[in-house]
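Have a look at the structure below before the remarks.
The values are calculated or read from the model by the stated rules, or taken from the named source; none is laboratory data. Worth saying up front: this structure is predicted, and the values here are computed from it rather than measured. Glycine gets a Cβ as well: all are built from the backbone with ideal geometry, and neighbour counts include every protein chain shown. Ligands, DNA and RNA are excluded from the accessible area calculation, which covers all protein heavy atoms including side chains. Shrake-Rupley method; radii C 1.70, N 1.55, O 1.52, S 1.80 Å.
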Amino acid sequence: QVQLVESGGGLVQAGGSLRLSCAASGGTFSSYSMGWFRQAPGKEREFVAAVYWSGGRPYYADSAKGRFTVSRDNAKNTVYLQMNSLKPEDTAVYYCAADLRSVSMVARDYDYWGQGTQVTVSS
């Protein structure tokens, strides 16, 4: 069983930055592709970014391209989401997730989820 714990959320002004972390335990982290999703109140959970188990080219939602960067450190069992130039519309609960098979932009493909961390961007 894999446990994922996100951290790094908070309140930030528009234009600011945050770095989210997701620490994994209980499994072979280097075998999992990792994704970040977010869910705003009253909205569906949506894909933000993902990275293969081996690293390599990451994948981003259009809303994240040019502003967010996903990375992973397999030695630390941690995946990161650096978020720059934040906008009020980025306000959501951010979740990390682990996929045993391959990188995906579809939430139902992921096998394990963290509890989420709140990101609030004020205007």
Under a crude label model (7 Å from the Cα following the beta-carbon direction), how far is residue 65 from residue 25 in nanometres? 3.8
Can you run phi through the Karplus equation (6.51, -1.76, 1.60; θ = phi - 60°) for the range 110-122 and list ³J(HN,Hα) in whole Hz, with x for Gly and Pro? 7, 9, 9, 9, x, 8, x, 9, 7, 10, 10, 10, 8
The chain, dipole about Cα centre (Lys/Arg Cβ +1, Asp/Glu Cβ -1), debye to the nearest 20: 180
Can you give me the relative contact order of the chain as a percent, contacts being Cα pairs under 8 Å and 6 or more apart? 36
Given a 1.4 angstrom probe, what's the average accessible area per residue across the chain, in square angstrom? 50
Computing the accessible area with a 1.4 Å probe over protein heavy atoms, can you report the carbon and sulfur percentage for the range 1-117? 48
Share of alpha-carbon pairs per 10 Å distance bin for the chain, given as whole %: 15, 51, 29, 5, 0
